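What follows is a single structure, written as structure tokens, with notes after it.
Here, each number is a calculation from the coordinates, and none is a lab measurement. If you're wondering where the values come from, they're calculated on a predicted model, not measured in any experiment. Here Cβ is always computed from backbone atoms with ideal geometry, including for glycine, and neighbour counts include all displayed protein chains.
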Amino acid sequence: MQIRTRLTFQFILLAAGILGFSLMFFYSKYSQLVVKEHFYSLKSRSANIAERILKDYNPATPSQLKQKDSFALVVNSNVEIYNSKFQKVFALNSGGINLDSDEMVSLMEDKEICSTDKFDINKIGYTFLSADGDKFYVIAQKKMNMEDLISIQYILWLTMLIGLLIAAVGGWWYTKQALSPVKTVVDQVESMLPSNLNVRIVNSGSKDEINHLILTFNRLLDRIEEAFAMQKNFISNVSHELKNPISVITSQLEVLLQQKSRTEDEYKRSVQSVLEDSYRLSDITDNLLQMARLHSEQGSVNFSTVRIDDLLLESRNLLLKSNSDYKIDIDIVGDPLSEEDFCVSGNKSLLRSAFMNIMDNCCKYSQDKYVDVKIYFEKNGHRRLEMADDGPGIKTEDIPLVFKPFYRDPKSKHKKGSGIGLSLVDSVMKIHQFSIDIDSKKGQGTIFKVQFPLYSPN
């Protein structure tokens, strides 16, 4: 069911509820007024009759009084008068008015009675004092005229029907007007293609939910366009990074096959060069696969309790195995209060890869391939990791670019690397909700600062 149809149906139901309640309330009050007026008229007329009839009443002869010619029969009306001993002294048009025991008791206790039976015959009884001060009981009965109530019922039903018809038409028109901005948005979205993601939905300028939807969707398009651009750039860079070592390996092997005579040392140098390029290609592939896996499995990364000091030592040892000329010192600054101060909640494999990439980057750009690693324990319970080198530093305007995929300083093209490592580090830090900052000045080295959140064991 379309939103327009559903809203119209809900609008009709709401209108039916309000209109039905209002009409029922009106009918209830009107019928009460009619009944009240009926009882008032019946009492007034019966009291008038009693007053005229009882002028000739003689207590010594309590026989029934006769109907006077001065008033004619009252159609559909019965009037009976009883003396204080509950003896009938007068009856007008009486076919017999039935009183139950409760009604008789109420009358004798000078209480007024009013009742209506299922045939809409209304009955009233009350105490009447004659001009001489004698007590009488007057009972009057008359069938109520229901024509007015029946007519008003028809009118109300007709009003209900017309009201619902108006509600249906009005609801259909109103929902069309209310949803027209949504339709405009839908039409614009349907016209979008992958080739024109730069197009944005036109903002109406209103301050309503539709405008908020448009702004949200445009922001989504911004992110999609950015993701497409990053993907395109990523593919281009990947192709370039993979093509270079493959081309070098291919050319070296071709030259090696073409030369008929070579010394053993020449063969070793050629094979060593091919092997180094193969290692580089393997590193690039591993980083790319790890980055792809990280983005695809971001929501399913398993966390556990990891010790920072153990992880740093493990990262250093692994890095030194493949780079024996690297120098990595790890120190602790401050006084940890307990063993838990060394712990963080994270994925050990990802954090180890991130720390190794930072250490490798610092050693690679340091003058003596040295990195100083310090873990700071602060009094407020916060932990901070700093990795510092004494390399050439980074320009202030270039610092935001460091964590971009495939970014490399133009002056460091001679350094081995693909520009993927620090981008991978940034992704790992975001997944762990760790903050990482760079403090660097040109010619004064670089410090990578990682801030860990407070540890709370599960």
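Would you list which aspartates and glutamates come within 14 Å of K142, measuring only between C-alpha atoms, while excluding same-chain residues fewer than 8 positions from it?
List returned: E37, E80, D117, D120.
Based on alpha-carbon atoms only, what is the radius of gyration of region 351-403 relative to the globular estimate 2.2 N^0.38 Å?
Taking N as the residue count of region 351-403, the ratio is 1.30.
Quick one: R307, R219, fewest Cβ neighbours within 10 Å first, how do they rank? Mind dumping the intermediate values first?
Details: R307 16, R219 11.
The most exposed by this proxy come first: R219, R307.
Over 27 Å between Cα atoms, which of K348/K442; K29/K88; K369/K404; K232/K348; K321/K441; K183/K232 qualify? List each step's numbers first, then the result.
Values: K348/K442 33 Å; K29/K88 37 Å; K369/K404 24 Å; K232/K348 31 Å; K321/K441 31 Å; K183/K232 33 Å.
Where the Cα-Cα span goes over 27 Å, the pairs concerned are K348/K442; K29/K88; K232/K348; K321/K441; K183/K232.
Across bins of 10 angstrom width beginning at 0, how are the C-alpha pair distances of region 299-452 distributed, in whole percent?
In whole percents, the pair-distance histogram is 10, 42, 36, 11, 1.
Considering only the other residues whose Cβ falls under 10 Å of the Cβ of T396, what net charge follows from Lys and Arg at +1 and Asp and Glu at -1?
+1
What order do you get for C363, C343, C114 when you list them from fewest to most C-beta neighbours inside 10 Å?
On the way: C363 22, C343 19, C114 16.
Ranked by crowding around the Cβ, least crowded first: C114, C343, C363.
N347's amide H: which non-local residues (gap 5+, or another chain) put their own amide H closer than 5 Å, with H modeled 1.01 Å from N in plane and none for Pro or chain starts?
Amide H neighbours of N347, under 5 Å, 5+ apart: S304.
K379: which aspartates and glutamates have alpha carbons under 13 Å from its alpha carbon, excluding same-chain residues fewer than 8 sequence positions away?
Of all the aspartates and glutamates, those that pass the test against K379 - Cα under 13 Å, at least 8 places apart if same chain - are D335, D341.
Give me log10 I(q)/I(0) at q = 0.17, 0.19, 0.24, 0.27 Å⁻¹ for region 113-170, Debye formula, one equal scatterer per alpha-carbon, no solvent.
-0.73, -0.79, -0.93, -1.01
Just to confirm a number: summing +1 for Lys and Arg and -1 for Asp and Glu over residues other than K441 whose beta-carbon lies under 13 angstrom from that of K441, what do you get?
Its environment carries a net charge of -3.
Out of all DSSP beta bridges in region 299-452, what portion is antiparallel? Express it as a percent rounded to 5.
75 percent
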